[in-house]
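These notes concern the structure reproduced below.
The values are calculated or read from the model by the stated rules, or taken from the named source; none is laboratory data. Here the structure is a predicted model, which means the values were calculated and not measured. Note that each Cβ is placed from the backbone with ideal geometry, even for glycine, and that neighbours are counted across all protein chains shown.
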Ligand code: AMP
Ligand code: MG
């Protein structure tokens, strides 16, 4: 873990703030995969991180088969002819192959996925065929070797690397592994991430609110974000703004988790208090990042666990989790970090912004009257306004130097789906 100080913060010229990209790079450089592997059945491996490169043990498909319901024929019987008549000599169903060879002048009734019988090299789809008892007739135009045939190894060749370590397994991956007969896979053990909220004003859902108190949203947000990241979330509740309580919470969290994510208590005023507590237990730096929402952030190690101290406002929690904590947690979990998708679309609304910090505004993608995708602002952008976050399905990325956007201009957006998937 490299020690950084506020004096290192130089990402944004003259602002004393650390650039978003730079902050992410530093965090990623400071964490390492935790290691540890377990063997799981396929179904349980969904969303888990593959521990080994996997090679195909055999060709997929394993045998030549039909891509259509129809008739397996010899293309040589059709070459240079217009109308062809053949005798149906048998049938090949998926799972019940035809043992006989297709000889010249013969065809075999065949279904999708059924083994292509010996002698045949093309399949004529049944819609093109007239059948009269045991005889069929069809127009031979275009009936060439390979027509409607799926060849062995067309999908995967034996020995070919199918999936690489570090991949988070998708539904398609589970199917792929099943097609190779692999019922179990080795995956990285799940990262354990303890999280808690700090703040005397916070009550958990179910408790009555006194004057000046609010419900703790962040723990539910973090439960969701961590679960979607595929890690094991360990909810430690609300911790009061009390030195001993915070110290105990950190000690307990570090004893059971690889990483600790907290919210609140890192802004000016509170920072000193939390910092004091943390200074005794590890190496934690308080960063000021050129990001909105979410400028203050604490990062370091506490009793050997990696610590992410996110800001208190709920939308800041989400922005900083997605942009900083999540990529670092993914690296710790042994997962490949795919670059999140960013697309350019027209912005339907005018967006206000002051130059200085990169902004992650909340947007919603929709089609305009011409069928083009455009992004709309979801409303108030205060970092405490969760309703506009809930309505949003993407961040609108406004670079630090931007001074706002006029309606109709192009902007970059980052769909949330790209941040919750691998
Ligand atoms: P702090 O960073 O602790 O100063 O908190 C900044 C703002 O976020 C304050 O308005 C807090 O009340 C609010 N806040 C902090 N933690 C939470 C939480 N867990 N749920 C909802 N709001 C919170
Ligand atoms: Mg607080």
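Counting just the residues of the stretch 388-422 that are modelled with pLDDT of 95 or more and assigned to a helix (DSSP H, G or I), which one comes out surrounded by the most Cβ atoms within 10 Å (Cβ to Cβ)?
Going residue by residue through the stretch 388-422, those that are modelled with pLDDT of 95 or more are 388-416.
Still in the running and assigned to a helix (DSSP H, G or I): 388-391, 416.
On the way: 388: 18, 389: 21, 390: 9, 391: 14, 416: 18.
So the residue we want is 389.
Looking only at residues in the stretch 178-220 that are assigned to a helix (DSSP H, G or I) and either at pLDDT 95 or above or in the same structural domain as residue 326 (by TED's automatic domain parsing) (or both), which one is farthest from ligand 1 (Cβ to nearest atom)? Write out each step before concluding.
Just the residues of the stretch 178-220 that are assigned to a helix (DSSP H, G or I), to begin with: 178-179, 218-220.
After this cut, where a residue has to be either at pLDDT 95 or above or in the same structural domain as residue 326 (by TED's automatic domain parsing) (or both) as well, the list is 178, 218-220.
Working: 178: 42, 218: 3, 219: 6, 220: 9 Å.
Here the residue is 178.
Given the criterion over 30 Å from residue 308 (Cβ atoms) and touching a residue at least 12 places away in the same chain (Cβ under 8 Å), identify the matching residue among 107, 29, 45, 23. Show your work before the answer.
Numbers: 29 fails: over 30 Å from residue 308 (Cβ atoms); 45 fails: over 30 Å from residue 308 (Cβ atoms); 23 fails: over 30 Å from residue 308 (Cβ atoms).
After ruling out the rest, the residue left standing is 107.
Just to be sure before I move on: is residue 234 within 14 Å of ligand 2 (Cβ to nearest atom) and in contact with a helix residue (DSSP H, G or I) (Cβ under 9 Å, 6 or more places away or on another chain) in the structure I sent? Working first, answer last.
On the way: within 14 Å of ligand 2 (Cβ to nearest atom): no; in contact with a helix residue (DSSP H, G or I) (Cβ under 9 Å, 6 or more places away or on another chain): yes.
Taking the combined requirement at face value, the residue does not satisfy it.
State all residues of the stretch 353-387 that are in contact with a strand residue (DSSP E or B) (Cβ under 9 Å, 6 or more places away or on another chain), part of a loop (DSSP other than H, G, I, E, B) and surrounded by 13 or more Cβ atoms within 10 Å (Cβ to Cβ); if no residue qualifies, say none.
353, 356, 357, 378, 379, 381, 383, 385
Specify which of the listed residues (300, 379, 334, 371) is touching a residue at least 60 places away in the same chain (Cβ under 8 Å) and over 24 Å from residue 49 (Cα atoms). Walk me through how you get there before you give the answer.
Numbers: 379 fails: touching a residue at least 60 places away in the same chain (Cβ under 8 Å); 334 fails: over 24 Å from residue 49 (Cα atoms); 371 fails: touching a residue at least 60 places away in the same chain (Cβ under 8 Å).
Going through 300, 379, 334, 371 in turn, just one is touching a residue at least 60 places away in the same chain (Cβ under 8 Å) and over 24 Å from residue 49 (Cα atoms): 300.
Kindly provide the set of residues from the stretch 186-204 that are touching a strand residue (DSSP E or B) at 6+ places or on another chain (Cβ under 6 Å) and away from ligand 2 (no atom under 16 Å from the Cβ), ordered by number.
Listed by number, the residues that qualify are 186, 187, 188, 189, 190, 192, 193, 194.
Filter the stretch 205-221 down to residues that are more than 15 Å from ligand 2 (Cβ to nearest atom) and within 27 Å of the chain's Cα centre (by Cα) and give me whichever is surrounded by the most Cβ atoms within 10 Å (Cβ to Cβ).
221
Kindly evaluate residue 306 against the criterion of being modelled with pLDDT under 95, buried (at least 18 other Cβ atoms within 10 Å of the Cβ), under 25 Å from residue 217 (Cα atoms) and more than 15 Å from ligand 1 (Cβ to nearest atom).
Working: modelled with pLDDT under 95: no; buried (at least 18 other Cβ atoms within 10 Å of the Cβ): yes; under 25 Å from residue 217 (Cα atoms): yes; more than 15 Å from ligand 1 (Cβ to nearest atom): yes.
When the stated conditions are applied, residue 306 does not pass them.
Would you check if there is a residue in the stretch 321-344 being part of a helix (DSSP H, G or I), within 14 Å of ligand 1 (Cβ to nearest atom) and within 26 Å of the chain's Cα centre (by Cα)?
Yes, the conditions are met somewhere in the stretch 321-344.
Among 224, 175, 142, which is the only one that is away from ligand 2 (no atom under 16 Å from the Cβ), assigned by TED's automatic domain parsing to the domain that holds residue 105 and either crowded, with 21+ Cβ neighbours inside 10 Å or free of Cβ contacts under 8 Å to residues at least 60 places away in the same chain (or both)?
On the way: 224 fails: assigned by TED's automatic domain parsing to the domain that holds residue 105; 175 fails: assigned by TED's automatic domain parsing to the domain that holds residue 105.
Of 224, 175, 142, the one residue that is away from ligand 2 (no atom under 16 Å from the Cβ), assigned by TED's automatic domain parsing to the domain that holds residue 105 and either crowded, with 21+ Cβ neighbours inside 10 Å or free of Cβ contacts under 8 Å to residues at least 60 places away in the same chain (or both) is 142.
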